[in-house]
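My questions will all concern the structure given below.
The values are calculated or read from the model by the stated rules, or taken from the named source; none is laboratory data. What you are looking at is a predicted structure, and each value in this text was computed from that prediction instead of being measured. For neighbour counting, all protein chains shown are included, and Cβ atoms are generated from backbone atoms with ideal geometry for every residue, glycine included. Areas reflect the complete protein model, heavy atoms only, side chains present, ligands, DNA and RNA absent. Shrake-Rupley method; radii C 1.70, N 1.55, O 1.52, S 1.80 Å.
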Amino acid sequence: MIKGFKLILKAASFAADKHRTQLRKGEEATPYINHPIEVARILAEEGGVDDPEVIAAALLHDTIEDTETTADELRSLFGERVTSMVLEVTDDKSIKEKAERKRLQIVNAPHKSPGAALVKLADKTSNVRDVGARPAVDWSEQRRLEYLDWAKQVVDALPVANHPLKDAFKAS
């Protein structure tokens, strides 16, 4: 238990440091770290997930995509399984067209490992809640609806059946 707790705290500290200058796009411009913490909370509290490596991956899920963090850095600090889950939920930013990256999220969703699928599901749940309650300042109602439709397509394609997180997403 203590080992898992230490891993989670280490991941939270690392993610907070990496995201320290970032803000969410909503009007409140909340600290970005609130999002990975919320994803981890959704997994643990609403999804009943108690695997410390999955919770750590949730805390770290945007570090490679949105900061200068490398897979090797994560691997050396958090191990192969955590890094693998983070990589599975990371968009390939070398693909410049956002529409293609979004399409690939749907295409790749069925091939996620069980842990990565849960992280992706909790991430989409958090994002959908934000789009509803705290959308990006410049997002029209049409863009919000398009996001919700796309997020549902990603979630529907994930290899997660009869899990409480599916209900949490639907309620969002």
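Among the candidates Glu45, Glu27, Glu38, single out the residue that is among the acidic types (Asp, Glu), touching a strand residue (DSSP E or B) at 6+ places or on another chain (Cβ under 9 Å) and open to solvent by 30 Å² or more (accessible area, probe 1.4 Å). Walk me through it before giving the result.
Numbers: Glu45 fails: touching a strand residue (DSSP E or B) at 6+ places or on another chain (Cβ under 9 Å); Glu38 fails: touching a strand residue (DSSP E or B) at 6+ places or on another chain (Cβ under 9 Å).
When all the criteria are applied, what remains is Glu27.
Could you say whether any residue in segment 132-143 is buried (at least 16 other Cβ atoms within 10 Å of the Cβ), touching a strand residue (DSSP E or B) at 6+ places or on another chain (Cβ under 8 Å) and at negative phi?
Yes, there is a match, as at least one residue in segment 132-143 is buried (at least 16 other Cβ atoms within 10 Å of the Cβ), touching a strand residue (DSSP E or B) at 6+ places or on another chain (Cβ under 8 Å) and at negative phi.
When segment 119-130 is examined, which residues are found to be surrounded by 22 or more Cβ atoms within 10 Å (Cβ to Cβ) and in contact with a helix residue (DSSP H, G or I) (Cβ under 6 Å, 6 or more places away or on another chain)?
So in segment 119-130, the residues surrounded by 22 or more Cβ atoms within 10 Å (Cβ to Cβ) come out as 119-126.
Across segment 119-130, the qualifying residues are Val119, Leu121, Ala122, Asp123, Lys124, Thr125, Ser126.
Being open to solvent by 10 Å² or more (accessible area, probe 1.4 Å) and either among the aliphatic types (A, V, I, L, M) or over 12 Å from the mean Cα position of the chain (by Cα) (or both) is true for just one of Asp66, Asp50. Which residue is that?
Working: Asp66 fails: either among the aliphatic types (A, V, I, L, M) or over 12 Å from the mean Cα position of the chain (by Cα) (or both).
Answer to the selection: Asp50.
What are the residues in segment 77-118 that are without any contact (Cβ under 8 Å) to a residue 24 or more places away in the chain and surrounded by 14 or more Cβ atoms within 10 Å (Cβ to Cβ), if any?
Once the filter is applied, which keeps residues that are without any contact (Cβ under 8 Å) to a residue 24 or more places away in the chain and surrounded by 14 or more Cβ atoms within 10 Å (Cβ to Cβ), segment 77-118 yields Thr83, Leu87, Arg101, Arg103, Asn108.
In addition: Given the structure, is Asp149 closer than 20 Å to Gln22 by Cβ and open to solvent by 10 Å² or more (accessible area, probe 1.4 Å)?
In short, no.
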